[in-house]
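Structure first, commentary second.
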Amino acid sequence: MAPKNEKSEIVSIEKGVKMITIPDEMNQSVTKSDKENEPERGEWGGKLDFIFSCISYAVGLCNVWRFPYLCYENGGGAFLFPYLICLVLCAVRLFFLEVAIGHYLSIGGVGVWNLIPVFKGIGFASMTIVCLYNIYYVVIIAWTLLYLVSSMTTQLPWES
């Protein structure tokens, strides 16, 4: 016999899944499993799909356009050496850790870092940085569209 809680919902455990019977408005009982309520988990078509999605996640406009400028401004080759060391020792490992744990537990970037309370701020900081980068990208795309539309006129605005 399944125990009843205070809200007159019948709670039972079958095969490790908590089953709750919830009466609806018309006095009909609807049984829902926690596993049935979860969305279907997507799968990669192959290993290359996963690798290309990770590359597209990591490489953006800043890497292609702004990185050479930053290298030039910060010493050229002298900047590349410590950058590559930090990239290999820190960035790639943290990226792999976040992706592996997130994929295994089916949680996002904030949820991965919430597993360890000391590192909870890392997930929120990364989401804040993503929001700021989105504003940055929207402005650049708006400039691109402005100049594209302006180039369609007979008198170009930047001629004078």
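Miscellaneous remarks
- Peptide ranges 43-53, 106-116 listed from the most packed, as the mean C-beta count within 10 angstrom indicates: 106-116, 43-53
- Shape category assigned to the stretch 68-160 from the gyration tensor of Cα positions, a/c cut at 1.5: oblate
- Gly108 long-range amide H proximity, modeled H, under 5 Å: none
Computed from the coordinates by the stated procedures, all read-outs in this text should not be read as laboratory data. All values derive from a computational prediction rather than experimental measurement. Note that each Cβ is placed from the backbone with ideal geometry, even for glycine, and that neighbours are counted across all protein chains shown.
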